[in-house]
Amino acid sequence: MPSSKELEQMLAQRAALDQRIVETQRQLKADAIAQCKALMAEHGLTLADLGAARGHGTERKPAGKVPPKYRQPQTGETWSGRGLQPNWLKAALAGGASLSDFKV
């Protein structure tokens, strides 16, 4: 049966090993980045050449608000036609109404 002192030693060894792993991963990543930069410079490549131009004027913009396509005549509630149907529309359709009845 291991003693508490042996457990402390093993935990210290594990902490030291975890630290070495983190440092090695950091160094490998830095080396890979440096190698990529060197290859890019050697061949005159840019991020756009790699298809990684996001953030350089080509990023997608949020779609923004979509105009309503359907309106509930009694309450004025609207639905854009995207996402789940609102409850008022579900109830009307279940009652025999047609989607085209609510077209804006």
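With 0.36 nm allotted per residue and the present C-alpha distance subtracted, the Ala38-Arg20 stretch has 3.8 nm of extension available. Ordering 75-82, 37-44 by mean Cβ neighbour count within 10 Å, with the highest value first, yields 75-82, 37-44.
Each residue, Ala12 and Ala94, gets one label point 7 Å from its Cα in the Cβ direction; the gap between the two is 6.9 nm. Average 1/r across all pairs of distinct alpha carbons in the chain, invert it, and you get the Kirkwood radius: 21.0 Å. Placing unit charges on each Cβ (+1 for Lys and Arg, -1 for Asp and Glu) gives the range 1-61 a dipole about its Cα centre, and among Gln35, Ala48, Leu17 the Cα reaching farthest toward its positive end belongs to Ala48.
A convex hull fitted around the alpha carbon atoms of the range 1-52 yields 81 Å³ per residue.
Coordinate-derived values only; no laboratory data. Everything numeric in this text was worked out from a predicted model, so none of it was measured. Cβ sites come from the backbone with ideal geometry, for glycine too, and all protein chains shown count toward neighbours.
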